[in-house]
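Asks: Structure in structure tokens, see below.
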Amino acid sequence: MPESIAKGCPEPVRWTGRTLRLLDQRYLPARESYVDCESADDVAGAITDMVVRGAPAIGVAAAFGLALAARADDATVAGLALAGEALKQARPTAVNLAWAVDRVLGRCQTESSLAADVLAEAQAIQAEDLRANHAMARHATECLQGRVNVYTHCNTGSLATAGFGTALGVIRQLKAEDRLGEVYVGETRPWLQGARLTAWELAMDGIHPTLVVDSAAASVMRAGRVDVVITGADRITADGGVLNKIGTYGLAVLARHHGLRMMVVAPMSTVDMDSTSASQIEIEQRPPDEVTTWAGQRHAPQDVAVFNPVFDATPYALIDWIVTEQGVFRPAIA
Ligand code: MRU
């Protein structure tokens, strides 16, 4: 498969030469609209507000955020470091964000060529992510035999990366190899990345998944409709633990209970060897109204307490394969 972005899917992150144009994922698939960011602060706000989301995509966006900051006439290395700190705080759990910021800042040696150096690094990060997606897809399908029925969670496709996908890249590769069976997509409460984004993105590629509410996963597995759960990751810690969209841990437990395989697909930029254990990472919480309201209408009692973590931690022992562009780690099946 050529190393291009996925068919028909709009680019989530695009450098226009003047602005960073972000596809506004909050309104997809109902409305295809764009947000033009003119500063690093604009980009940080767009990351916090989920205009752009998905670990690799927010890393790429943050790198271009620094490119916007570096264009200012009075830009300095110290000023960029401050902008970088603000970007890192925009969504702290997904490590690709901090990784991309640090990588770009590492390139900032001399103020005379700041703008050009930062832009070149951001473009390199974007191009490398696309290449990594394709490499991961090839490594992943080598682990899977015959026709494969997949359950996936959240959105890990073109919209979440530089343009092909991690878990969705594997689904695309299985299709290209004519080995793709059924694809089940969990709706992924509360933002509905599965229902709104994954179902939409796959359909554009001629893949027609079956959408289920998250709580149907156990029944789908018990009915024998799934061979493997494939997800992305927001951070992989030194102990092989995986932080990913809330619900991933539950899917891993269910997969193990039903004798199914659990595959996590993520670029090396998601691997955080400085964090010893996934269970020790503080997971960001999002506002309670994401859970208590629907389409602007409150459906829960006013004073109900809400626990709304964005991600959860899946231990190494529940994962069969961690696939990166550099190869496959097999924690559970040595
Ligand atoms: O909250 P989101 O939509 O940014 O969460 C995205 C995920 O959890 C993805 O699985 C992860 O970023 C990997 S995507 C390639």
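Asks: So which residues in region 63-79 are under 20 Å from Asp36 (Cβ atoms) and either part of a helix (DSSP H, G or I) or within 16 Å of the ligand (Cβ to nearest atom) (or both)?
Replies: Hits for region 63-79 are Ala63, Phe64, Gly65, Leu66, Ala67, Leu68, Ala69, Ala70.
Asks: Restricting attention to region 213-256, which residues are in contact with a strand residue (DSSP E or B) (Cβ under 8 Å, 6 or more places away or on another chain), farther than 20 Å from Ile171 by Cβ and among the hydroxyl-bearing types (Ser, Thr, Tyr)?
Replies: Thr237, Tyr249 - these are the residues of region 213-256 that are in contact with a strand residue (DSSP E or B) (Cβ under 8 Å, 6 or more places away or on another chain), farther than 20 Å from Ile171 by Cβ and among the hydroxyl-bearing types (Ser, Thr, Tyr).
Asks: Please go through region 235-251 and pick out each residue that is closer than 22 Å to Leu192 by Cβ, surrounded by fewer than 24 Cβ atoms within 10 Å (Cβ to Cβ) and of a type in the set (A, V, I, L, M).
Replies: Ile246
Yes or no, residue by residue, for (1) farther than 30 Å from Gly241 by Cβ; (2) under 18 Å from the mean Cα position of the chain (by Cα); (3) crowded, with 16+ Cβ neighbours inside 10 Å:
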{"position": "Pro56", "(1), (2), (3)": "no, yes, yes"}
{"position": "Ala63", "(1), (2), (3)": "no, yes, yes"}
{"position": "Ala81", "(1), (2), (3)": "no, no, no"}
{"position": "Gly84", "(1), (2), (3)": "no, no, yes"}
{"position": "Ala90", "(1), (2), (3)": "no, yes, yes"}
{"position": "Asp102", "(1), (2), (3)": "no, no, no"}
{"position": "Gln123", "(1), (2), (3)": "yes, no, no"}
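Asks: Another question, if that's okay. Name, by its number, the condition in (1) in a helix (DSSP H, G or I); (2) on the phi > 0 side of the Ramachandran plot that does not hold for Leu82.
Replies: Of the numbered conditions (1) in a helix (DSSP H, G or I); (2) on the phi > 0 side of the Ramachandran plot, the odd one out for Leu82 is (2).
Asks: Within region 253-276, which residues are within 12 Å of the ligand (Cβ to nearest atom) and either on the phi > 0 side of the Ramachandran plot or assigned to a loop (DSSP other than H, G, I, E, B) (or both)? Show your work before the answer.
Replies: Looking only at region 253-276, we keep the residues that are within 12 Å of the ligand (Cβ to nearest atom), and these are 264-267, 269-270.
Of everything in region 253-276, those that are within 12 Å of the ligand (Cβ to nearest atom) and either on the phi > 0 side of the Ramachandran plot or assigned to a loop (DSSP other than H, G, I, E, B) (or both) turn out to be Ala266, Pro267.
Any read-out appearing in this document is the output of simple, stated calculations on the displayed coordinates, not a laboratory observation. Everything numeric here is computed off the predicted structure, so don't read it as measured data. So basically every Cβ, Gly included, is an ideal-geometry build from the backbone, and we count neighbours across all protein chains shown.
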